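Trainee: Please see the structure below; I have some questions.
None of the figures in this text is laboratory data; all of them are computed from the coordinates on show. For clarity, every value in this text was computed on a predicted model and none was experimentally measured. Note that each Cβ is placed from the backbone with ideal geometry, even for glycine, and that neighbours are counted across all protein chains shown.
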């Protein structure tokens, strides 16, 4: 009996201690389960947020996709023709960054063009390269700042074989006399919308050709034709990028009225003396369809040429979203023609866009004539054929063939083979 009592006395404390240990362990396990549940809910929430972010990035309607479309992933036939940069693809980018006021956005491109003149007596090769960086930001809704920085190397075949319009629209070295590459401020301006976006005002160092004589199929030397006559009208007497202002209004999304004033040079002094003046009227037929057509008429007055004037017209038409035709005509008064060198000019062409292995393939052909102001010279005739293939989202290549009759008004003929590579980033 004593042994039983002794066993009970010894076992009870051990049992009580074990019960206390089990209770503490149970509490710890329960607390750990609560923590695991909380962690699981956090992970689920984070996963949902990551899926939302991933969806926003890769969604076909997202801002990222539109930015890629702007910088060259897609062809530009359906892009707005009223553009704000010389590459005619900036409008969509501006819509994207308008949602992020105060943030800088950067994009740009690199273009390399190699050309080979096939003259019977002198065979030469020419290389040019350009590098552009676009910097854009919105201060607030309706207030945009834009900067285009450019460096160019090489002057193209016109060094030895001059023409009235140029055989390489991307040429024009910015290298200094001491052979140092210079970065040029090509454009820097602010753009503002007034009266509930009825009027758009662009002011700063501007490129007049961004707004006047534009054309959907023949206006971009980095993606389309490289001959000067098929980038802008050869008779279009326009100053280099200079301080200026442009006003535009659009009526019923079809009719566009524009006015522009620009300094004759980029000196920056006497801004309100000897102003270059230009105005235009444009119509759009069947906008946003596969048969969109555009007609633009413009007139300009150039200072220092007895205030002589010139005018031009630009036309482009789309058929079934694939077939594109275009045409241009321009004429200058005598004093202006003598100063510019070209009395009148015209050009016309065709452009076909198709998809090849999920990438756009574009084929363009154009012909034009330039009538010199000097009547003793002959009419210069030019043609160009190119095929542009988009290799991926950022790189395109295009071979070019150019032929010139009566080069620069002489009896000389010239044919040039070229190859262009364009990188967008």
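Trainee: Using Cα pairs under 8 angstrom and six or more residues apart, how large is the relative contact order of the range 59-424, in percent?
Mentor: 14 percent
Trainee: Between the alpha-carbon centers of the range 261-336 and the range 375-391, tell me the distance in whole angstrom.
Mentor: Answer, in whole Å: 21.
Trainee: Modelling each spin label as a point 7 Å along the Cα-to-Cβ direction, I'd like the residue 160/residue 119 distance in nm, to one decimal.
Mentor: It is 0.6 nm.
Trainee: A further question on this structure: Report Rg/Rh for the range 186-327, rounded to two decimals, where Rg is the Cα radius of gyration and Rh the Kirkwood radius.
Mentor: Working: Rg = 15.8 Å, Rh = 16.1 Å.
Computed over Cα atoms, the ratio is 0.98.
Trainee: Continuing with the same structure: So if R0 is 22 Å, what FRET efficiency would residue 174 and residue 272 give, r being the distance between their Cβ atoms, rounded to the nearest 0.05? Please list the in-between numbers first.
Mentor: Working: r = 28 Å, r/R0 = 1.29.
Given R0 = 22 Å and the Cβ-Cβ separation, E is 0.20.
Trainee: Where the Cα atoms of the range 208-284 are projected onto their three principal axes, how long is each span, largest first, in whole Å?
Mentor: 37, 34, 19
Trainee: Another question, if that's okay. Suppose R0 equals 41 Å. What FRET efficiency, 1/(1 + (r/R0)^6) with r the Cβ-Cβ distance, do residue 245 and residue 358 give to the nearest 0.05? List each step's numbers first, then the result.
Mentor: Details: r = 43 Å, r/R0 = 1.05.
About 0.45, to the nearest 0.05.
Trainee: When averaged across all projection directions, what area in nm² does the alpha-carbon convex hull of the range 59-424 cover?
Mentor: On the way: hull surface 74.4 nm².
Across all orientations, the range 59-424 yields a mean hull projection of 18.6 nm².
Trainee: What order, most packed first, do the peptides 384-394, 350-360, 173-183 have when packing is the mean number of other Cβ atoms within 10 Å of each residue? Don't jump to the answer; show the numbers that get you there.
Mentor: Numbers: 384-394: 17.6, 350-360: 13.9, 173-183: 10.5.
The peptides rank, most packed first, as 384-394, 350-360, 173-183.
Trainee: Over the Cα atoms of the range 256-297, what radius of gyration and what Dmax do you get, in Å?
Mentor: Cα-based Rg and Dmax for the range 256-297 come out at 16.1, 47 Å.
Trainee: Please compute the alpha carbon radius of gyration of the range 119-197, then divide it by the globular-protein estimate 2.2 N^0.38 Å. Two decimals is fine. Intermediate values should be presented prior to the final figure.
Mentor: Working: Rg = 18.4 Å, N = 79, 2.2 N^0.38 = 11.6 Å.
So the Cα radius of gyration is 1.59 times the expected 2.2 N^0.38 Å.
Trainee: Using mean Cβ contacts within 10 Å as the protection proxy, how do 155-165, 404-414 order, highest first?
Mentor: Numbers: 155-165: 19.4, 404-414: 16.6.
Going from most to least packed, we get 155-165, 404-414.
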